[in-house]
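Reviewing the structure listed below.
The values are calculated or read from the model by the stated rules, or taken from the named source; none is laboratory data. The structure displayed is predicted, hence computed values, not measured ones. Neighbour counts are summed over all protein chains in view; Cβ atoms, including those assigned to glycine, are modelled from backbone coordinates with ideal geometry.
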Amino acid sequence: MLLLALLALSIAPTAFAQGGDITRGSQIYDANCAVCHGPTGQGRVGVNLSQDWPAIDPTAFTRAVIEQGVTGTAMPGWSQQYGGPLNDQDIEDVVAFVASLSGGRSEMAPTATPLPVTPVPTVAGATGDPSLGLVLFKENCAMCHGEGGQGVSGAKLTDVFSSINPQQFVRATVADGIQNTAMPAWSQAKGGPLDEKQIDDISAYIISLNKQAQENAPTPTPTPTAAPAGASGTSIWVILLVIVIVIAIVVAIMALSGRQKSPPS
């Protein structure tokens, strides 16, 4: 009975996975998964997906991992049921594509076209090329932090960084990651895919993104302060009192001057 149950378990998911669209799955994979697992599933900060999985039903195992994620790692749950962006058909398509990776990337799943380099102004004092950093950011960071750094599942990058040296802070975070979060270490020294120059370029772009957001922020309009109740009337009385005092002083000076000019009788 156990053998029959396992057989049924293996047949049903496999048949269902065969309904997945490998071409569409490759597009979803490139947009969401390649950043960690590589375009051919060879592994980057994520595991190698082109290997054979030690499971009775690799397809069901792959589906469960994609849907639910892996607790305690940078692998989140991608299904809508677990708070992710992918519906059931999306996941079936990705599963079909991942299942095809054991023989290399097929002709049904062409590799994504490389992104063009767009000029990005360099922030004074920053090191690295922010234009190359933009390409690297889109390839490695945008799916979590958003195309404009506005934050998706990852942190918002347009706020001011509370650091004396913001670029060094960003660089260290990218290189080393953050423990117990979905932010992995990206430097090759920590097992990631990026070299020192690439991390400099990404941090230079993030700093320019941060500065641009601050420059584009609307200037707050000062709120006029209302005068205290009765202040206007008090001011008028003060002015009148000053005028009276000035007039009195002028009259006194004129009277004193006239008395000094009068001839003795």
State whether one or more residues within region 108-131 are over 20 Å from P184 (Cβ atoms), of a type in the set (D, E, K, R) and free of Cβ contacts under 8 Å to residues at least 40 places away in the same chain. no
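What residue, among those in region 136-150 that are assigned to a loop (DSSP other than H, G, I, E, B) and free of Cβ contacts under 8 Å to residues at least 12 places away in the same chain, is surrounded by the most Cβ atoms within 10 Å (Cβ to Cβ)?
Here is the first cut: in region 136-150, the ones assigned to a loop (DSSP other than H, G, I, E, B) are 141, 146-150.
Within this subset, residues satisfying the condition of being free of Cβ contacts under 8 Å to residues at least 12 places away in the same chain are 146-147, 150.
On the way: G146: 17, E147: 11, Q150: 12.
The qualifying residue surrounded by the most Cβ atoms within 10 Å (Cβ to Cβ) is G146.
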Filtering region 15-57 for residues that are assigned to a helix (DSSP H, G or I) and either at pLDDT 80 or above or buried (at least 20 other Cβ atoms within 10 Å of the Cβ) (or both) leaves a count of 16
Inspect region 103-120 for any residue being modelled with pLDDT of 85 or more, surrounded by fewer than 21 Cβ atoms within 10 Å (Cβ to Cβ), within 30 Å of K211 (Cα to Cα) and outside the structural domain of I66 (by TED's automatic domain parsing) and give the result as yes or no. yes
When G133 is run through (1) assigned to a helix (DSSP H, G or I); (2) in contact with a Pro (Cβ under 7 Å, 6 or more places away or on another chain); (3) closer than 20 Å to G192 by Cβ; (4) not aliphatic (A, V, I, L, M), the failure sits at (2)
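Out of A142, A155, I need the residue that is at pLDDT 85 or above, touching a His at 6+ places or on another chain (Cβ under 9 Å) and in the same structural domain as L209 (by TED's automatic domain parsing). Which one?
Working: A142 fails: touching a His at 6+ places or on another chain (Cβ under 9 Å).
Being at pLDDT 85 or above, touching a His at 6+ places or on another chain (Cβ under 9 Å) and in the same structural domain as L209 (by TED's automatic domain parsing) holds for just one of A142, A155, which is A155.
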Within region 151-164, take every residue that is of a type in the set (V, I, T) and surrounded by fewer than 16 Cβ atoms within 10 Å (Cβ to Cβ) and give me the one that is farthest from P85 (Cα to Cα). I164
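For G154, indicate whether it is under 17 Å from M75 (Cα atoms), in contact with a Pro (Cβ under 9 Å, 6 or more places away or on another chain) and not basic (K, R).
Working: under 17 Å from M75 (Cα atoms): yes; in contact with a Pro (Cβ under 9 Å, 6 or more places away or on another chain): no; not basic (K, R): yes.
The answer is no for G154.
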Determine which member of the set S162, S131 is among the polar types (S, T, N, Q) and modelled with pLDDT of 90 or more. S131
